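The values are calculated or read from the model by the stated rules, or taken from the named source; none is laboratory data. This is a predicted model, so every value here is computed, not measured. Positions of Cβ are backbone-derived with ideal geometry, glycine not excepted, and every protein chain shown enters the neighbour counts.
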């Protein structure tokens with residue numbers, strides 16, 4: 001679903017959706033900023049959780065969506081700013097996409 005949604009919207013159309021999603025969830029914002037800071041490297045769930053001082057469950061919810069608390073259509077992956085990559089032996093790493101780097105970089109500028 002992510003690819004379909006992002007291919008039909010331009011970056012200018014997706015940007016307000018991303019900003020809204022980040023404003024609605026401090027956890028999503030902290031995750032995106034953390035991944036921006038370690039970019040181009042990726043990180044795994046528990047490392048992200050430790051770094052932003054939350055639980056791995058909250059990290060998974062913010063990145064992938066989970067129930068009513070974290071809606072899938074507002075998740076970082078569904079918005080196209082975070083991608084999941086395999087780090088060998090079934091390790092899932094998360095890192096910012098190019099669009100994610102662009103958006104988070106413009107938000108973090110003074």
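Quick look at the values:
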read-out	value
Residues within region 31-56 that are surrounded by 14 or more Cβ atoms within 10 Å (Cβ to Cβ) and over 22 Å from residue 87 (Cα atoms), tallied	1
Residues satisfying the stated conditions in region 57-85, i.e. surrounded by 20 or more Cβ atoms within 10 Å (Cβ to Cβ) and either modelled with pLDDT of 85 or more or assigned to a loop (DSSP other than H, G, I, E, B) (or both)	58, 59, 61, 62, 63, 75, 76, 78, 79, 80, 81, 82
In region 1-51, residue modelled with the highest pLDDT [restricted to those that are over 24 Å from residue 92 (Cβ atoms) and not in a helix (DSSP H, G or I)]	10
Residue 88 vs. criteria assigned to a loop (DSSP other than H, G, I, E, B), modelled with pLDDT under 95 and under 19 Å from residue 107 (Cβ atoms)	no
